[in-house]
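The values are calculated or read from the model by the stated rules, or taken from the named source; none is laboratory data. Predicted, not measured: the structure shown is a model, and the values here were computed from it. As a convention, Cβ positions derive from the backbone with ideal geometry for all residues, glycine included, and neighbour counts pool all protein chains shown.
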Amino acid sequence: MPVSDDLAAAVPTGPDAAAPTVSVIMPVHNTRRYLDRSLGSVFAQTLDQRQIEVIAVDDGSTDGSAEWLFEQARSHPNLTVLRQEASGGAGRPRNAGLDLATGDYVFFLDSDDRLDTEALFWLTRTAQKSGSDVVYGRIAGADGRGAPVDLRTTSAAVSVFDSPVYWSLAAYKLFRRAFLEQHRLRFVEGRLLAEDLPFGITALLRAEVVSVFAERTCYYLHGRDDNSNATRQDIDWCEYLAYIGTVLDQVAAEVPPGADRDKLMVRHFHGEILMPFGAPYLGRDGAGRRAMAAAARPLVERYLTDRVLAALPPALRLRAHCLRAGLDDELTAVVRADTGSRPGPPHLDDDGRVYAGYPYFRDPQRALPDACYDLTDRVALRQRLVHLHWVGGVLHLRGTAALSPLGGDTVEIHLRRGGTTHRVPARYQDGAWRAAVDPATAADGGPLPGGTWGFKIALTAHGTGGAAGPALRREAWLVPEHPADETGHPDFAPRIVGRGAAGPAVAALFRSRPHGHLNLDLDGTSRPLGADLRGTADCTRSGRATLTAHLTLPGCPADAELQLILRDATRTVALRTTATRNAGDHYTVRSLLRTGPPGTWRVALRVTAGPLRRELPVHPADAPPDGPIPLTLNVPDTSFRTRLARRLRG
């Protein structure tokens, strides 16, 4: 993906430009098999290696990692290797590296992950341009490991409360070193899991500028083939939850109660408080499960506000409610429905709400409110427009759609213009739909009026009562899966379409900017006919002229008239014209002019189809595609006086 010009040009260059340096700190513990990939990605950076300081800290490895690192240091003068006793986590080696770092910026690289080759260049450039304390690069998962957040928008400054950055608190990002020292930020030592939470939280909440560079993937998170990632290790979950309590107390000390704190707590209920209540919870016996629930309950009681509860999906909402209410048996049933198999299918109830299929819904013996199961606001329309094609004057559309996780029953295509909506039924079966939009009948059986019409898809799901019962509908704008630039795509070319009694019209499909929604311009001017109209005009001294033009004219009726015309400031001359239709809606038009009014004339093509009339400028055959140069014809004065004067001058 190309990088934006303003970012590429924003940083001073030249001999006097300050060159930022970055210290890459890599904790290592028994990851010898991955070091070629991780450390190699640093040595492959496009940023000058003289601006990169690499500090690898071996934390008591027994697989030869330290020896390999020392060997690499002999051929890489910018690599410093430290060796220390095993500390039980990445915190102490990161701190040791941070104490040695001298760079303007610091980047923490895990020894089983890797950097994109241009990562440090763009991250440091972003930090320079924006004055950033923290810079996130786009993250991608690999080898079965997913990314915690999908960063798709580059931004010079984001808020932790209104952007996804807080959902990634791990260390793999760029920090301004002076900022870290100003706030004395260091990692918790001796912990295998979540040792970076206090560091990441404090950095984000105290940073003046947090930036995102998302124009290319910067960091690749790799899963290990031996399942030895820290997040997959056996953990003392009661101790872990007690530790998370201290972390959340730190959040509460930084952010007062209210909407902003609740936004952060939603992330922590997802990522830390309720995360153990899956397979780890089911793997304990009854006493172990009760102990885990007792460890989590104080956190739920302190930080689970109604706003946080409503923001959680039903699976977590039910867990949180059960923990707060002390419903251990119900909690086990909910976790088992998620972990051991799958919950039952969601259903559309008679009250018009959609409820998840977890155990004990409306069980009079259980204290589980409907709100814990309600996923109505989470039912999303997942749809694709996979094909569009004009056949004659009818637009055929094909795609897929489903109301996740509910399904769907009927599809309509909506044509929207201002406050007006016209509905076109579609055939829908097994998640696939087809529709035919005919401008002659699209307005509820009548011709579609002129203007710009946007295309939406509406998918409706019915309850057990069918169409006569409650229904849930979702709508979305159609976005073609064609390339964003529709130039040259035959179905986006302007064409003539019939509209029944309303007569023909010019129709042109286009994608709106920046979102790419499908639109139809009917009798408008966004995409005029004849964009490829090119021609030649040859004239002899005697005034005889030959005009030839070529163009593509999709949908042109057989009885349409194509006529070349000449125009100057005050006059119009219509020429006798022959038109030949070739394959693929291509036309050739010719006119022979034996004599005519002298002067310089602009050449145009008049297209007449019933009440539709358009005059299209002809451009020279050798004109550039984006150069609106008119084709002109110079007709000499062939009168007797003019010929006599020429002879006398000769």
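What to note about this one:
- PRO514 vs. criteria on the phi < 0 side of the Ramachandran plot, in contact with a strand residue (DSSP E or B) (Cβ under 9 Å, 6 or more places away or on another chain), part of a loop (DSSP other than H, G, I, E, B) and surrounded by fewer than 22 Cβ atoms within 10 Å (Cβ to Cβ): no
- Where a residue in the stretch 369-398 is small (Gly, Ala, Ser) and its partner, wherever it lies, is surrounded by 19 or more Cβ atoms within 10 Å (Cβ to Cβ), with Cβ under 6 Å and at least six apart: GLY393/VAL497; GLY393/GLY498; GLY393/GLY555
- Against the list (1) over 20 Å from MET292 (Cβ atoms); (2) among the hydrophobic types (A, V, I, L, M, F, W, C); (3) surrounded by 14 or more Cβ atoms within 10 Å (Cβ to Cβ), the condition ALA253 fails is (3).
- Residues being farther than 13 Å from CYS556 by Cα and in contact with a Lys or Arg (Cβ under 6 Å, 6 or more places away or on another chain) - total across the stretch 578-593: 1
- Residue match in the stretch 486-496 (condition: modelled with pLDDT of 95 or more, assigned by TED's automatic domain parsing to the domain that holds GLY516, surrounded by 17 or more Cβ atoms within 10 Å (Cβ to Cβ) and over 26 Å from ALA560 (Cα atoms)): no
- Single condition LEU566 does not satisfy, out of (1) in contact (Cβ under 8 Å) with a residue 60 or more places away in the chain; (2) of a type outside the set (Ser, Thr, Tyr); (3) within 25 Å of PRO490 (Cβ to Cβ): (3)
- Inside the stretch 461-472, residues that are outside any strand (DSSP E or B) and surrounded by 18 or more Cβ atoms within 10 Å (Cβ to Cβ) make up a count of 1.
- For TYR240: the one exception among (1) out of contact with any Lys or Arg (no Cβ under 8 Å at 6 or more places or on another chain); (2) at pLDDT 95 or above; (3) assigned to a loop (DSSP other than H, G, I, E, B): (3)
- All positions within the stretch 72-101 that are in a loop (DSSP other than H, G, I, E, B) and either over 13 Å from MET26 (Cα atoms) or outside the structural domain of GLN182 (by TED's automatic domain parsing) (or both): HIS76, PRO77, ASN78, GLU85, ALA86, SER87, GLY88
- Single condition THR421 does not satisfy, out of (1) surrounded by 14 or more Cβ atoms within 10 Å (Cβ to Cβ); (2) in contact (Cβ under 8 Å) with a residue 12 or more places away in the chain: (2)
- Among the residues making up the stretch 599-617, those that are under 16 Å from CYS556 (Cβ atoms) and of a type outside the set (A, V, I, L, M, F, W, C) are ARG606, THR608, GLY610, PRO611, ARG613, ARG614, GLU615.
- Residue-level check: of (1) within 32 Å of the chain's Cα centre (by Cα); (2) farther than 19 Å from VAL160 by Cβ, MET292 misses just (1).
- Contact map, the stretch 237-259: residues that are in contact (Cβ under 8 Å) with a residue 40 or more places away in the chain paired with residues that are surrounded by 13 or more Cβ atoms within 10 Å (Cβ to Cβ) and of a type in the set (Asp, Glu), Cβ distance under 6 Å, separation 6+ or inter-chain. Pairs shown: ILE244/GLU272.
- Strands (runs of 3 or more DSSP E) contained in the stretch 558-609 and holding at least 2 residues under 27 Å from GLY392 (Cβ atoms): 561-567, 578-581, 586-593, 599-609
- Verdict on GLY543 being in contact with a Pro (Cβ under 6 Å, 6 or more places away or on another chain), surrounded by 15 or more Cβ atoms within 10 Å (Cβ to Cβ) and either in contact (Cβ under 8 Å) with a residue 24 or more places away in the chain or assigned by TED's automatic domain parsing to the domain that holds GLY392 (or both): yes
- In this entry, ALA467 passes the filter for residues that are more than 18 Å from LEU385 (Cβ to Cβ) and either over 26 Å from the mean Cα position of the chain (by Cα) or not small (Gly, Ala, Ser) (or both).
- Criterion: crowded, with 17+ Cβ neighbours inside 10 Å and in a loop (DSSP other than H, G, I, E, B) - qualifying residue of ALA440, ALA435, ALA401, ALA458: ALA440
- Taken as a whole, the condition of being surrounded by fewer than 16 Cβ atoms within 10 Å (Cβ to Cβ), in a strand (DSSP E or B) and under 46 Å from the mean Cα position of the chain (by Cα) applies to ARG613.
- Among residues of the stretch 486-511 that are within 12 Å of GLY610 (Cα to Cα), those with a beta-carbon under 6 Å from a residue that is charged (D, E, K, R) and modelled with pLDDT under 90 at least six positions away or on a different chain give the pairs ALA505/ASP523.
- Within the stretch 432-439, not a single residue is aromatic (Phe, Trp, Tyr), modelled with pLDDT of 95 or more and farther than 30 Å from LEU520 by Cα.
- Residue in the stretch 250-287 that is farthest from the chain's Cα centre (by Cα), counting only those that are charged (D, E, K, R) and part of a helix (DSSP H, G or I): GLU254
- Tally of residues being polar (S, T, N, Q) and either assigned to a helix (DSSP H, G or I) or within 33 Å of the chain's Cα centre (by Cα) (or both) across the stretch 23-40: 2
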